[in-house]
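The structure under discussion appears below in the form of structure tokens.
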Amino acid sequence: MQALLDELETTFETYKNDSEFLEEYQHYLKDYSGRETPLYFAESLINHLGGAKIYLKREDLNHLGSHKLNNVLGQILLAKRMGKCVIAEIGAGQHGVATAAAAPRFGMECDVYMGAEDVERQRLNVFRMEMMGARVHAVTEGTATLKEAVDAAFGAWMADLDAFFVLGSAVGPHPYPSIVHEFQKVISIESRRQILEIEGRLPDLVIACVGGGSNAIGVFSQYVNDAEVGLVGVEAAGRGVDTDKHAATMTKGTVGIVDGMKTIALFKENGEIAPVYSISAGLDYPGVGPEHAFFKESGRVEYVSARDAEAVEALLTLSKTEGILPAIESSHAIAEAIKRAPLMDKEQIIIVNVSGRGDKDVVAVADYLEK
Ligand SMILES: *Cc1c(COP(=O)(O)O)cnc(C)c1O
């Protein structure tokens, strides 16, 4: 395993500043994914709330509906440089779909490992991946969910010299969190230039939801050294941080080892990883990327949480005021903007990262509202 990670690190260091590699990456970001994404002035939402100006970074307008493709394209281009022809993949919703879509474009096969339980729960995404030619393997061991799927995917990676493991968030062993940061920083490279063009100054606040932390790292990246820009990460509080149904890693977690990284995570008393819950599958993760753990300890980023009910309400508010249906993950960040904007001056500026679109969540939200 360490040899595979070392090989990946060497490749990444070789190509991350290579002009030919970057040109190819930029080409796919532009013509395949549809970048740059707009920075949209949400005037109707602002009129509804009062207070600060709100700009939405529209990552939901990427091909396949989220920020995930920024990173998948970068990693697949690295795989291509390494001569790999099989992609090993864990079947987490949006990331699995983005990988299954991009793999055939580069002549690669895609094996997706998914817990048998999740195969059942995510039928639509399973069909989408299979239509694009991916082989979806239902993993039946143990509880047949994410943990067993991770083990199976890592096993497949180590057993096959032609395989490349595409990781979907800013988590896992080095160099993955650095790679994911590198390929998601395009979000803030664009938003920084856009806000300077529109407003002539930097924002007062940048807000993003935090699952593993990739969209947040991407939209924070270029502001980290601007002390006047406040950075806020929003985790899933599920039914509430004082219940046992949440995924508020930063609020409730402790330092430990999870998925090959030392970071902050939620553990049971016996030291095992705690079960987590959120209405949003993308935020339903017991750990967080190590760079976020660092930003929490250094105080550079403030981490807060939003409950299911607050996220659903924010989703409806943005839909009703702007006609933009955000992903339930992104709605956690919007909920924080809705709390803060009315308390701020009308000349102040908030950028919210809309990490994805909400079409995938329509049924879940309808079910939630029925109950
Ligand atoms: C996967 C996903 C997330 C959570 O992942 P991060 O790595 O924390 O960004 C957030 N929003 C959307 C739309 C997603 O698909």
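The table that follows gives values for the structure above.
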{"item": "For segment 108-160 versus segment 347-371, the gap between their alpha-carbon centres in whole angstrom", "result": "26"}
{"item": "GNM top mover of His246, His174, His27 - the chain, alpha-carbon springs below 10 Å", "result": "His27"}
{"item": "Residues whose placed amide H lies under 5 Å from that of Ile87, excluding near-sequence neighbours", "result": "Glu109, Cys110, Asp111, Phe164"}
{"item": "Relative packing of peptides 265-271, 182-188, 154-160 - highest average C-beta neighbours within 10 Å first", "result": "182-188, 154-160, 265-271"}
{"item": "Separation of alpha-carbon centers, segment 10-57 and segment 179-254, rounded to whole Å", "result": "14"}
{"item": "Cut-off 15 Å between beta-carbons: net charge of the residues surrounding Pro203, Lys and Arg +1, Asp and Glu -1", "result": "-3"}
{"item": "Dimensions in Å of segment 1-67 - Rg and Dmax from alpha carbons", "result": "18.6, 55"}
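Read-outs throughout are calculated quantities, based only on the coordinates presented, and are distinct from any laboratory measurement. Note that the structure is predicted; figures quoted are calculated from it, not measured. FYI the Cβ positions are ideal-geometry reconstructions off the backbone, even for glycines, and counts take in every protein chain you see.
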